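What follows is a set of notes on a single structure, which appears directly below.
No lab work stands behind these numbers, since they all come straight from the coordinates. Here the structure is a predicted model, which is why all the values come from computation and not from measurement. Heads up, the Cβs are rebuilt from the backbone with ideal geometry, glycines too, and the neighbour counts pull from every protein chain shown.
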Amino acid sequence: MAFKKAVILGYDAVSSLGTDLETQWRRAVQGECGIAALTRFPLGADFPVRVAGEVAEIDVRPYSFLQPREMAHWTSPVFKYALLVVHRALIQSKITVTPQLAPRVAITFSSAVGGLDAVLHADRLMRTEGKLPHPFSNPNSCINMVGGKVSILTGATGPICSTITACATGVTSLIIGEMILQKGLADVVIAGAVDFPLVEPIVAGFATMNGAYRPKEGQPAELPQKTSRPFSLNRRGFVVSEGAGCIILASADFAGAHGLNAPFELSGAAMTSDASHFVSPNLSTVQRCVEETISSAGLRPEDIDAVNAHATSTRVGDKVEADALHNVFGQKMPPVSANKSQLGHAMGASSAIETILALEGMARDTLLPTINYSPDPAIEIDCVAEGARKVQQEFVLKNAFGFGGCNSCVILKRIS
């Protein structure tokens, strides 16, 4: 079977920095932060988490598929924002899913958390009011229903799967999408991820497992925008956030035959499993994922112009990622951007949103900054701490690592 290049035709995202891509980019390049006080639910005096990266409400009036009557049963926000970014990404890609094209359009758009908020709400109503769950409670909570609703919106009838690899879900959706293209099962793939995990027990659970940020005991509260600080000496865990990102893949042959602009290529990819601790990353398998990704693109480490890091701000996770990069690149390590310093951690959606920001940076010859940085002597890294930096980039490595030891990395190539 002939190798089929996978190109990127378009993308769209919402995040704590904004609900349109231009606003998100403008704020990111200016070094702003989308993290603020947590307002999604009432906070008791002892609730351990007080900050979050929340996505603003959108004006649904321009979108017929998001009208209240259409969305009445789909109460979890994952559906509204998933459909929005998919719709806008397809427009940017100049693809219309006609009945003729539909069987050749695959969906790997997924979620790490899904609509758990819906089933938790149903549980509370049963306990407090004795009400049986709404008939749509279970469909809202099924993770694969996110892709199902994307299929219904677009009319795509090609292969569909949920690429759930925790915080690596967005990048994994790209890798599985490329595999589908390579197998000749589709010509176009709707990839990406959505997560809106700001639900009380989920946020509190991240705190009790010492993952989510909380201030040091006995110390005064910090400004919300200062709390996410990847690679920093004073890092204290990730800030839970919301978001969605959609990336449209296609075979290069399809794009060429239809006169579609393809400014980027997915030129390398790899996945590994830690087979170790359920949350603490394993250096050897993380490093191997990076090495195999670069090798799969036919490149050498010195060919990589920049790295878009996973970098959640956890004590162990950031150190393992930095060590893996040092082992791969040695003294020629490229600059590393950590977007979660500005966005927070939107779970499975993070790596999709960060991939989109990396693509925008490649198009604009700009590396986004890692804000709130305080050097850690144990981590020698150039994380663009001074602010956005002008750098031409042909090849960018994107890292994504998830709970359960799920590692996924890709090489993004600028081709126009």
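Points to keep in mind about this one:
- Highest-first packing order for the peptide set 401-412, 194-205 is 401-412, 194-205, based on the mean count of other beta carbon atoms within 10 Å.
- By definition, a body whose alpha carbon gyration tensor gives a ≥ b ≥ c is rounded when a/c is under 1.5, and the range 267-414 falls into this rounded group.
- ³J(HN,Hα), Karplus 6.51/-1.76/1.60, whole Hz, each residue of the range 355-369, x for Gly, Pro: 4, 5, 5, 5, 5, 4, x, 5, 5, 9, 6, 9, 9, 6, x
- Note, ³J(HN,Hα) from phi for the range 204-218, Karplus 6.51, -1.76, 1.60, rounded to Hz, x at Gly and Pro: 5, x, 5, 5, 5, 8, 6, x, 7, 4, 8, x, 5, 4, x
- Counting only GluC sites (Glu not before Pro) that DSSP places in a loop and that have at most 16 other Cβ atoms within 10 Å, the longest clean stretch of the chain runs over 218-379.
- For I160, the residues whose amide H sits under 5 Å from its own are I107, ignoring neighbours fewer than 5 places away on the same chain, with H placed 1.01 Å from N.
- Choice from M271, M333, M209 with maximal GNM fluctuation in the chain (Cα, 10 Å cutoff): M209
- For the range 284-355, the percent of C-alpha pairs falling in each 5 Å distance bin, counted from 0 to the bin holding the largest distance, reads 3, 16, 25, 26, 19, 9, 2.
- With all pairs of separate Cα atoms included, the range 341-380 yields a Kirkwood hydrodynamic radius of 11.8 Å.
- Within the range 267-414, antiparallel bridges make up roughly 75 percent of the DSSP beta bridges whose residues both belong there.
- Considering only P201, A102, G18, the residue lying farthest towards the positive end of the dipole of the chain is A102, judged by Cα position with unit charges set on Cβ.
- Highest mean packing comes first when the peptides 118-125, 225-232, 84-91 are listed by Cβ atoms within 10 Å, giving 225-232, 84-91, 118-125.
- Rg over Rh [alpha-carbon atoms, Kirkwood Rh] for the chain: 0.95
- Under the simplified labelling scheme, the L233-H258 pair shows an inter-label distance of 5.3 nm, with each label point 7 Å from Cα along Cα→Cβ.
- Relative contact order of the chain, taken over Cα pairs closer than 8 Å and 6 or more residues apart, is 23 percent.
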